[in-house]
Amino acid sequence: MAQKIGEQKQADQLGRNHWERFAIDCKLSPTQTIRRVSEIAQAVTHHAMAAKAEIEALPAGGDPILETVV
């Protein structure tokens, strides 16, 4: 990641507490920040799975790398 979020730089280690600390540091509502981050994460997951399905439906689709991404 390009910047720390709540003192955490490793994306796979980010948790709720890091987003709450980030919100407080930015003078934002921790509750609203958590809600928005959750909404964005759910949308990304949904669209990534839809994109995966589209790629798999292509004649040359179905590459094993897709399983590591989605």
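Nothing in this text is a laboratory measurement; each read-out follows from the coordinates by a stated rule. These numbers were taken from a predicted model, which means no experiment stands behind them. Methodologically, a virtual Cβ is constructed for each residue, glycine included, from the backbone with ideal geometry; neighbour enumeration extends over all protein chains shown.
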Practice task
Report the one residue of A51, A41, A23 whose Cα lies farthest in the direction of the positive end of the charge dipole of segment 11-69 (charges on C-beta: Lys and Arg +1, Asp and Glu -1; origin at the Cα centre).
Solution key: A23
Fill in the blank from the handout: In degrees, nearest 10, the alpha-carbon axis of helix 30-57 is tilted away from the dominant principal axis of the alpha carbons of the chain by 10 degrees
Completion exercise
Taking Cα atoms only, helix 16-25 is inclined relative to the longest principal axis of the chain by an angle, in degrees rounded to 10, of 50 degrees
Practice task
Before rounding to the nearest 500, sum -39500 (n - 2.57) across all DSSP H runs of length at least 4 in the chain and divide by the residue total; then give [θ] at 222 nm in deg cm²/dmol.
Solution key: -20000 deg cm²/dmol
Fill in the blank from the handout: For segment 1-41, shape from the Cα gyration tensor axes a ≥ b ≥ c, cut at a/c of 1.5 then a/b versus b/c, turns out oblate
Practice task
Using a Förster distance of 25 angstrom, determine the FRET efficiency expected from the C-beta separation of H46 and A11, and round it to 0.05.
Solution key: 0.85
Problem - Proximal aspartates and glutamates relative to K9, as straight alpha-carbon distance under 14 Å, when same-chain residues fewer than 8 apart are discounted - result: none
Exercise for the section: Mind sorting out which of [x] -0.29, -0.92; [y] -0.26, -1.00; [z] -0.40, -0.96 is the real log10 I(q)/I(0) by the Debye sum over Cα atoms at q = 0.11, 0.23 Å⁻¹ computed from the coordinates? Expected result: [z]
